[in-house]
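Trainee: Can you keep this structure in mind? I'll have questions shortly.
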Amino acid sequence: MKRGHPQRRGPDIVNLSEIKSEIDRLIASGEASAAISLLAELWSQDKSASAASFLVSHYEQQRPHLSVAPHKLAILRSFTVEPMVPLLRAAAFVAGIDLSVHLSEFNAYVQEIVDPQSALYRFAPDSVVLAVQTRDIAPELFRDFSGLSSEQVSVAVERVISDYRAWISNFRRHSRANLVVHNLEQPTHPARGLFEAQSPGNQTFAIQQINRGLRDIAAEQSGVYVLDYDALVARYGRLQWHDERKWLTVRLPISAPNLNHLVEEWMRFLHPLTGRVAKALVVDLDNTIWGGVIGEDGMSGIRLGSEYPGAAFQEVQRALLDLHRRGILLAIASKNNADDAMEALTKHPGMLLKPQHFACMRINWGDKAQSLREIARELNIGIDSLAFLDDNPIERRAVRTQAREVMVLDLPHEPGEFARIIREFPAFERLSLSAEDLQRGSYYQAQREREQLEQSITSREDFYRSLNQEVEIAGLTKATLPRIAQLTNKTNQFNLTTRRYTEQQISELVKLPGWHCFSIQVKDRFGDNGLVGVALTHHHEGIYEIDTLLMSCRVIGRTVETAFLSFLADHARKLKARKIQGWFLPTRKNAPARNFYSEHGFQALQENGEGTLWELDLAQSSLACPEWVRLHVVNGDRA
Amino acid sequence: MNAQLYERVRSIAADVLQVSATSITQQSSTENVESWDSVHHLNLVLALEQEFDLQFDPEEMDHMHSISHILQVLDNKLNHRSS
């Protein structure tokens with residue numbers, strides 16, 4: 001449904017039922033992949049409850065033909081969420097996630113959390129949503145506020161915060177799953193009317209205090225996140241959001257048009273939680289980041305500025321800048337004369353984006369699918385990590401068919417809507433921002449300078465020496481844990497085993513005997529690359545096993561990986577290990593790591609269907625840190 | 001009874017109850033469609049609310065336990081709205 005202005009969809013009905021029968025026809029004639037892309041098309045046109053049921057039953061039938069990742073989600077709730085389940089599963093299927101959903105019994109979330117034998121833990125969820133309403137957990141603050149003394153208000157606030165804290169730490173004792181906690185909404189009408197805004201210690205403030213408490217609890221525990229339910233309800237309008245009669249009769253507080261908005265908010269969490277994220281956004285120029293066509297309208301003719309109609313495009317640029325600051329790379333794929341486009345990019349007074357904000361540019365007359373492939377290669381990321389923004393539906397369709405892995409944003413006709421579409425795109429969501437994310441744009445600029453240096457120096461060793469690389473290796477700390485977990489989840493290329501871990505799992509692993517976690521930070525003459533590599537190792541009876549070894553592609557090919565491995569060998573020797581073992585588990589993406597062990601003197605020990613186990617005899621090995629890398633080792637605090 | 005309205009309701013009911021549209025008739029009800037339980041009933045009501053952009057009263061929801069009753073309620077509501 002269209003946001004804000006629910007419309008009767010009468011005129012579309014023919015079209016939609018035609019799509020549905022076409023899907024059935026394609027399935028009957030065995031054209032599964034065409035049927036699957038048409039299912040996604042149906043969802044983009046009709047996010048209704050009936051379309052959701054249709055999608056879920058058809059996706060389930062087509063499961064063998066889908067490349068979807070299973071994910072188990074439990075929802076603990078104080079209200080009816082059953083009608084949202086098909087909507088959520090349909091949206092997840094379209095995003096490549098095969099979601100199984102467990103619902104707690106009504107208002108039995110506390111029992112489910114505290115009882116280690118409960119259905120919740122038997123379900124073994126990957127992620128859990130705790131959706132409790134203000135009126136259920138704090139009825140006195142929500143309904144009877146005007147009758148409370150200020151002491152009673154403080155008591156209620158403290159009680160709710162300490163309940164949440166107890167439940168969440170209890171949950172953490174029994175489960176490593178991600179936990180998404182809804183915060184508490186404000187009432188539509190404050191109990192004291194206008195006077196509310198004039199008085200200290202008011203109802204709004206009391207509920208805000210609880211929400212701040214929730215944020216503190218989430219910051220204390222790893223893998224716990226707050227869903228800002230109050231902001232969500234406010235965004236769509238408190239009066240519109242609610243359906244009081246359905247709350248009173250079937251315990252469903254949310255009106256039919258808003259069910260999707262809660263589902264979309266859940267999806268925004270599921271994207272980063274399942275690694276379905278875009279690392280870079282490739283944008284078109286004409287009529288996308290400015291109005292008009294630079295090659296025809298010229299510098300003075302394009303629409304870009306703080307007034308109508310150019311303001312809509314400044315809003316697009318502002319949204320892109322926010323993504324850039326979130327660590328999402330920006331790139332350009334535009335059909336233009338490069339000189340015209342560069343002139344606008346560098347000199348137009350309305351431009352908020354500058355050439356240095358773009359990690360890569362393809363401004364030519366070639367086709368965009370090809371440009372996207374080149375951009376992915378140049379940025380060293382998979383093409384399925386690219387998102388694509390273009391006002392032209394023909395270009396979008398061409399990319400959808402010729403580069404199917406790319407995530408394409410659909411833009412409406414009205415440019416005033418573009419910025420909102422960008423801001424709501426779930427693959428741009430991040431649940432934590434590391435220092436590396438915030439710096440990423442400048443890393444790529446330094447990388448370009450490094451490559452120029454490499455080309456000007458003839459011998460590899462001279463090049464390595466000229467880099468002045470400094471490597472710092474550290475044990476696990478609280479500060480590095482989020483970045484370490486993030487790297488295990490998103491590093492695909494130089495990754496020997498591609499084992500994914502949550503923060504919670506890593507901090508529990510290193511508490512077990514024999515386990516260690518190390519991270520490396522790399523600096524060179526061009527700047528600080530930040531935390532770019534992780535190793536998880538396990539020592540047992542003379543065998544030192546490398547469970548995980550990964551490095552960001554930014555630093556690969558500069559012998560840092562050898563330095564890291566030499567450190568692990570020294571560590572193994574200190575623990576009196578005789579041998580180092582490590583699996584190489586091939587995936588579609590980790591070819592850059594394939595020869596890593598053989599190039600460092602490891603022998604293949606065994607092969608199973610999934611990969612090869614390599615072994616290094618430490619007595620025979622002469623593995624050492626390259627002379628041009630300076631290595632520092634610091635101890636961690638074992639988060 | 002409006003034939004176009006019947007077709008729209010039928011197609012929504014078939015999707016939500018996960019049965020074929022041809023098996024849905026005016027006589028289909030919570031008594032004779034196995035998947036039409038209370039959860040699916042709520043889903044069906046919400047799907048109709050989304051489709052026709054309206055809200056049913058609790059009394060109407062209770063009355064909507066067969067396709068012919070749904071058509072009655074809808075017909076009533078839509079005529080009331082356009083007048």
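Trainee: Exactly one condition in (1) loosely packed, with under 15 Cβ neighbours inside 10 Å; (2) touching a Ser or Thr at 6+ places or on another chain (Cβ under 6 Å) is not met by B:GLN50; state its number.
Mentor: So the condition that B:GLN50 fails would be (1).
Trainee: Among the residues of the stretch A:54-79, write down those that are in a strand (DSSP E or B) and among the small types (Gly, Ala, Ser).
Mentor: A:ALA69, A:ALA74
For (1) within 14 Å of chain B (Cβ to nearest Cβ); (2) within 27 Å of A:ALA90 (Cβ to Cβ); (3) small (Gly, Ala, Ser); (4) within 23 Å of the chain's Cα centre (by Cα), each residue gets a yes or a no:
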| residue | (1), (2), (3), (4) |
| --- | --- |
| A:PHE205 | no, no, no, no |
| A:GLU220 | no, no, no, yes |
| A:LEU232 | no, yes, no, yes |
| A:LEU239 | yes, no, no, no |
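Per-residue answers, yes or no, for (1) at pLDDT below 95; (2) within 27 Å of the chain's Cα centre (by Cα); (3) farther than 24 Å from B:GLN50 by Cβ; (4) in a helix (DSSP H, G or I):
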site	(1), (2), (3), (4)
A:PRO11	yes, no, no, yes
A:GLU22	yes, no, no, yes
A:ARG25	yes, no, yes, yes
A:SER33	yes, yes, yes, yes
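Trainee: Further question: Looking at the stretch A:277-286, can you tell me whether even one residue there is of a type outside the set (S, T, N, Q), within 14 Å of another protein chain (Cβ to nearest Cβ), part of a loop (DSSP other than H, G, I, E, B) and in contact (Cβ under 8 Å) with a residue 40 or more places away in the chain?
Mentor: Step one: of the stretch A:277-286, the residues of a type outside the set (S, T, N, Q) are A:277-286.
Subset that is within 14 Å of another protein chain (Cβ to nearest Cβ): none.
Scanning the stretch A:277-286, I find no residue that is of a type outside the set (S, T, N, Q), within 14 Å of another protein chain (Cβ to nearest Cβ), part of a loop (DSSP other than H, G, I, E, B) and in contact (Cβ under 8 Å) with a residue 40 or more places away in the chain, so the answer is no.
Trainee: If only one of B:LEU44, B:LEU5 is within 13 Å of chain A (Cβ to nearest Cβ), more than 19 Å from A:GLU18 (Cα to Cα) and modelled with pLDDT of 90 or more, which one is it? Give the steps one after another, and end with the answer.
Mentor: Details: B:LEU5 fails: more than 19 Å from A:GLU18 (Cα to Cα).
Of B:LEU44, B:LEU5, the one residue that is within 13 Å of chain A (Cβ to nearest Cβ), more than 19 Å from A:GLU18 (Cα to Cα) and modelled with pLDDT of 90 or more is B:LEU44.
Trainee: Among the candidates A:THR480, A:THR488, which residue alone is among the β-branched types (Val, Ile, Thr), within 15 Å of the chain's Cα centre (by Cα) and on the phi < 0 side of the Ramachandran plot?
Mentor: A:THR488
Trainee: Additional query: Can you name the number of the only condition in (1) at pLDDT below 95; (2) over 28 Å from the mean Cα position of the chain (by Cα) that A:GLU545 fails?
Mentor: Going through (1) at pLDDT below 95; (2) over 28 Å from the mean Cα position of the chain (by Cα) one by one, A:GLU545 breaks only (1).
Trainee: Let me ask something else about it. Inspect all residues belonging to the stretch B:19-41 and state whether any of them is assigned to a loop (DSSP other than H, G, I, E, B), within 21 Å of A:LYS47 (Cβ to Cβ) and within 9 Å of chain A (Cβ to nearest Cβ).
Mentor: Going residue by residue through the stretch B:19-41, those that are assigned to a loop (DSSP other than H, G, I, E, B) are B:19-20, B:24-28, B:30-37.
This time we only want the ones that are within 21 Å of A:LYS47 (Cβ to Cβ), so: none.
No, the stretch B:19-41 has no match at all.
Trainee: Taking into account only those residues within the stretch A:289-303 that are surrounded by fewer than 21 Cβ atoms within 10 Å (Cβ to Cβ) and part of a loop (DSSP other than H, G, I, E, B), which is farthest from the other protein chains (Cβ to nearest Cβ)?
Mentor: Step by step, filter the stretch A:289-303, then rank; the result is A:VAL293.
Trainee: Another one. Looking only at the stretch A:509-526, which residues are without any contact (Cβ under 8 Å) to a residue 60 or more places away in the chain and among the β-branched types (Val, Ile, Thr)?
Mentor: A:ILE520, A:VAL522
So that you can scan it fast, the table gives a plain yes or no per residue for (1) more than 27 Å from A:THR80 (Cα to Cα); (2) acidic (Asp, Glu); (3) within 12 Å of the chain's Cα centre (by Cα):
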residue	(1), (2), (3)
B:ASN2	yes, no, no
B:VAL16	no, no, yes
B:GLU31	no, yes, no
B:VAL39	no, no, no
B:LEU48	no, no, yes
B:PHE56	no, no, yes
B:ASP62	no, yes, yes
B:ARG81	yes, no, no
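Trainee: Out of the residues in the stretch A:32-83 that are within 16 Å of A:ASN260 (Cβ to Cβ) and among the hydroxyl-bearing types (Ser, Thr, Tyr), which is surrounded by the fewest Cβ atoms within 10 Å (Cβ to Cβ)?
Mentor: Here the residue is A:SER44.
Trainee: In the stretch A:241-257, what count of residues is obtained for those that are in a helix (DSSP H, G or I), touching a Leu at 6+ places or on another chain (Cβ under 9 Å) and within 11 Å of chain B (Cβ to nearest Cβ)?
Mentor: First, the residues of the stretch A:241-257 that are in a helix (DSSP H, G or I): A:241, A:244-250, A:256-257.
From what's left, touching a Leu at 6+ places or on another chain (Cβ under 9 Å): A:241, A:246, A:250, A:256.
Then drop every residue that is not within 11 Å of chain B (Cβ to nearest Cβ), which leaves A:246, A:250, A:256.
Number of matching residues: 3.
Trainee: Of A:ARG397, A:ARG450, which residue is of a type in the set (D, E, K, R), modelled with pLDDT under 95 and loosely packed, with under 14 Cβ neighbours inside 10 Å? Before you say what the answer is, go through the steps one by one.
Mentor: Numbers: A:ARG450 fails: loosely packed, with under 14 Cβ neighbours inside 10 Å.
That would be A:ARG397, the only listed residue that is of a type in the set (D, E, K, R), modelled with pLDDT under 95 and loosely packed, with under 14 Cβ neighbours inside 10 Å.
Trainee: Looking at the stretch A:204-220, can you tell me whether even one residue there is of a type in the set (D, E, K, R) and touching a residue at least 40 places away in the same chain (Cβ under 8 Å)? Don't jump to the end; show me each part of the working.
Mentor: Taking the stretch A:204-220 as the starting set, the residues that turn out to be of a type in the set (D, E, K, R) are A:212, A:215-216, A:220.
With touching a residue at least 40 places away in the same chain (Cβ under 8 Å) added as a condition, the list becomes none.
Within the stretch A:204-220, none of the residues are of a type in the set (D, E, K, R) and touching a residue at least 40 places away in the same chain (Cβ under 8 Å).
Trainee: Right, something else. Can you give me the number of residues within the stretch A:44-55 that are in contact with a Leu (Cβ under 7 Å, 6 or more places away or on another chain) and more than 13 Å from chain B (Cβ to nearest Cβ)?
Mentor: Summing the residues that are in contact with a Leu (Cβ under 7 Å, 6 or more places away or on another chain) and more than 13 Å from chain B (Cβ to nearest Cβ) in the stretch A:44-55 gives 1.
Trainee: Mind telling me which of the residues A:LEU262, A:LEU270 ends up being modelled with pLDDT of 95 or more, within 14 Å of chain B (Cβ to nearest Cβ) and closer than 24 Å to A:ILE97 by Cβ? Show your work before the answer.
Mentor: Values: A:LEU270 fails: within 14 Å of chain B (Cβ to nearest Cβ).
It is A:LEU262.
Trainee: Sticking with this one: Taking the stretch A:56-87, which residues are farther than 17 Å from A:LEU252 by Cβ, at the interface with another protein chain (Cβ under 9 Å from one of its Cβ atoms) and touching a Phe, Trp or Tyr at 6+ places or on another chain (Cβ under 9 Å)? Please lay out each step first, then the result.
Mentor: Quick first cut of the stretch A:56-87, residues farther than 17 Å from A:LEU252 by Cβ only: A:56-74.
If we keep only those that are at the interface with another protein chain (Cβ under 9 Å from one of its Cβ atoms) as well, we get A:56-57.
A:VAL56, the sole residue that qualifies.
Trainee: Can you tell me which residue is surrounded by the fewest Cβ atoms within 10 Å (Cβ to Cβ) among those in the stretch B:8-18 that are within 9 Å of chain A (Cβ to nearest Cβ) and β-branched (Val, Ile, Thr)? Break it down stepwise before answering.
Mentor: At the first step, the residues of the stretch B:8-18 found to be within 9 Å of chain A (Cβ to nearest Cβ) are B:8, B:11-18.
Applying the additional criterion that residues be β-branched (Val, Ile, Thr) yields B:12, B:16.
On the way: B:ILE12: 26, B:VAL16: 28.
Applying the filter and picking the extreme gives B:ILE12.
Trainee: Among the residues of the stretch A:278-289, is there at least one that is within 30 Å of A:ALA52 (Cβ to Cβ) and in contact with a Lys or Arg (Cβ under 9 Å, 6 or more places away or on another chain)?
Mentor: Narrowing the stretch A:278-289 to residues within 30 Å of A:ALA52 (Cβ to Cβ): A:278-279, A:281.
Next cut, in contact with a Lys or Arg (Cβ under 9 Å, 6 or more places away or on another chain) only: A:279.
The answer is yes; a qualifying residue exists.
The values are calculated or read from the model by the stated rules, or taken from the named source; none is laboratory data. Quantities reported herein were computed from a predicted structural model and do not represent experimental measurements. When we count neighbours, we look across all protein chains shown, and the Cβ atoms used for this are built from the backbone with ideal geometry, even at glycine.
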